[in-house]
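Okay, structure first, notes after.
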Amino acid sequence: MEASERLSAAVGRIGTSATMRITARAAELRAAGVEVCALSAGEPDAPTPPHVAEAARRAVERGRIGYTPPQGLAELRSAISEDLRRRHGMICGPDEIIVTSGGKQAIFNALLATLDPGDEVIIPAPYWVSYPEIVRFAGARPVILPTGPERGWRPEPGALAARIGPRTRWLILNAPANPTGAGLDRATLEGLAEVLRAHPQVMVLSDDIYAAITYPPHRFTPLAAVAPDLAERILVVDGVSKAHAMTGWRIGWGAGPAWLIGAMTRIQSHSTSCASAVSQHAAIAALTGPQDHVAAMRAAFARRRARVLEGLGAIEGLRVHPPEGAFYAWIEVGELIGRQSAGGRSIGDDVELAEALLEEAGVALVPGSAFGWPGALRLSFAAADEVIERALERLPRFAAELR
């Protein structure tokens, strides 16, 4: 290797997102003329609401396109503050909020601001692919907390207590969860809160990006509502990507204690400077304007959820877990491992199964190994109805032809 090509140790600690890798391969196949049912990316298929796009257009016309304060526009932070109060009963002033380039940057900023080498972050598994990678990038160590189907994929308080050590800095909670769709019920939250009270050094990063997308009878409950005494130790991360169909606009936020928001703002001032000004004006419209689109998308996801559960439930060898929120179906595929596809591929694990499904059936799903849980697949039903229907025609044929 040339000396000029040497990369940092931090980059060496992280890998490529499996979700993005599968999505990229699906795009390559489509470019080659292959019809692919892409159910790998967590991206709503709905367009950005018209009043949001119009707000962006007006911002451009009026020249509101320059740098904003690193912490974000005051008007947007006020809108986020009101949204948190209205939806979750959370009292958080504009000075306790930072606007970021997507929720992912809020997580990056928070962990980079608080972690030192040797620190630990507890992450329930299955987990979103980027959590452990961001922890490693920051020089800390992810400590995995397995869940499982017997507890509805929820972290068990006793298991959490057993994993907390003197260097534990954060617990990451994501509910409804990516990839399982599991929510956190009040009893679980109360149990986790009781454990956390005994360990005042542990902060909680509550990734609420799917909080607006739930299915009855489940309702989203914030940890701070169950344990208000822990509010000063909780960072809420959210954004407009999922609930408002604004993934590419890249607007997220963190809401939490002022000392942490100040540190995150310092980091941001030296990285991206600020989130896109035009996108911030669009986000103001998303939060303060009509909310019909949120209910409409939630209804569409509920309909697709029912169809996916019906279709997958009829395939022998699959165990599907009904999601309580988000737009993913979590499928245990252990009975398909160890077999051979019609195209002659050996299915030795979930990664090889996902590859065979993509290459032979033209269906793009993400292997569970990417989420720290081998032997499963994640299917995103945030796709058009016709794409889901085609996939549900191909999946049973593929499974039936395994030998």
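Nothing in this text is a laboratory measurement; each read-out follows from the coordinates by a stated rule. The shown structure was predicted, so the numbers you read here are calculated from the model rather than taken from an experiment. Note: ideal-geometry Cβ built from the backbone for every residue, glycine included; neighbour counts use all protein chains shown.
For segment 121-215, rounded, prolate or oblate, judged on the Cα gyration tensor with a ≥ b ≥ c (square roots of eigenvalues), a/c < 1.5 rounded, else prolate if a/b > b/c?
On the way: a/c = 1.67, a/b = 1.19, b/c = 1.40.
Here segment 121-215 falls in the oblate category.
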Under a plain spin-label model, where a point goes 7 Å from the Cα along Cα-to-Cβ, how far apart in nm are residue 11 and residue 82? 4.4 nm
Find how many whole Å separate the alpha carbon centroid of segment 23-63 from the alpha carbon centroid of segment 191-245. 28 Å
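Can you tell me the FRET efficiency between residue 4 and residue 133 if r is taken as the Cβ-Cβ distance and R0 is 25 Å, rounded to the nearest 0.05? Could you put the intermediate results ahead of the total?
Working: r = 25 Å, r/R0 = 1.01.
Computed FRET efficiency for residue 4 and residue 133 comes out at 0.50.
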Tilt of helix 186-197 relative to the longest C-alpha principal axis of the chain, in degrees (0 to 90, nearest 10)? 50 degrees
Using a Förster distance of 56 Å, the FRET efficiency for residue 270-residue 316 (Cβ separation, nearest 0.05): 0.55
Rank by packing, highest mean first: peptides 385-395, 199-209, 292-302, with packing defined as the count of other Cβ atoms within 10 Å averaged across residues. 199-209, 385-395, 292-302
Cα-based helix-to-principal-axis angle, 18-31 vs the chain, degrees rounded to 10: 60 degrees
Place the peptides 189-198, 373-382, 124-133 in order of packing, highest mean first, counting for every residue the other Cβ atoms within 10 Å and averaging per peptide. 373-382, 124-133, 189-198
For 324-337, 167-180, 72-85, ranked highest to lowest by mean beta-carbon neighbours within 10 Å, the order is 167-180, 324-337, 72-85
Using only Cα atoms and rounding to the nearest 10 degrees, what angle (0 to 90) does helix 258-269 make with the longest principal axis of the chain? 70 degrees
Taking the Cα of residue 24, stepping 7 Å toward and past its beta carbon, and measuring to each backbone N in segment 357-391: which are under 19 Å? 358-359, 364-371
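Let me know the shape class of segment 51-288, please: from the alpha-carbon gyration tensor, a ≥ b ≥ c as square roots of the eigenvalues, rounded when a/c is under 1.5, otherwise prolate if a/b is greater than b/c, or oblate.
On the way: a/c = 1.95, a/b = 1.51, b/c = 1.29.
In terms of gyration-tensor shape, prolate.
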